[in-house]
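Notes follow once the structure below has been shown.
Every read-out reported here was derived from the displayed coordinates using simple, explicitly stated rules and does not represent laboratory data. None of these values were measured; they are calculated from a predicted model. Glycine also receives a Cβ, built like all others from the backbone with ideal geometry; neighbour counts cover every protein chain displayed.
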Amino acid sequence: MPRGSSLAGDYGEVRCLGLEWGRDVDLGAATLTVRVSRTSVAGVVVEGPPKTRRGAHPYHSDSASVAALRALRKQQHQERLAAGPVYDGSAGKVVVNELGVPPRPEWYSDRFAALAREAGVPVDSITRCEAYVSDDYAKPRRRCSRRCGLARPR
């Protein structure tokens, strides 16, 4: 499983898969700023700006998310050292596998949908589902929906 893929449950798949450490993640300010979305169109991975200006705003992270991001960055550094020259990591993406390769966007969508079905959670929109199940129902749906960039909670 790609490291960092759990972030997509908090911030949305397209938003997370394009994040880069040096450009988009500010651990000191506890923010993630989405500047690039990463999706698959007809089997080709496409990176581009978020669909809306609202999608590009900074997302504020709680202390648990910042701690998880710090641990993830440390883990990726250790994996880079262990893998040596075969470690890709050239793009500096946050969500990568143990060799630094970003996952194909459809892998995440398919995996998330399978886990949601297994858990008995209906998935009519993956972002809507991410907002609904984030943090094990600990946060109100309205807050989760806003965090995921949805105009109206559903």
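Brief remarks on what is shown
- Here the spin labels are modelled as points 7 Å beyond Cα on the Cα-Cβ line, and at residue 20 and residue 86 they lie 2.6 nm apart.
- Point-to-point label distance, residue 45-residue 107, nm (Cα→Cβ direction, 7 Å offset): 0.8 nm
- Angstrom value of the Kirkwood radius, inverse mean 1/r, which spans all Cα pairs in the range 25-122: 15.5 Å
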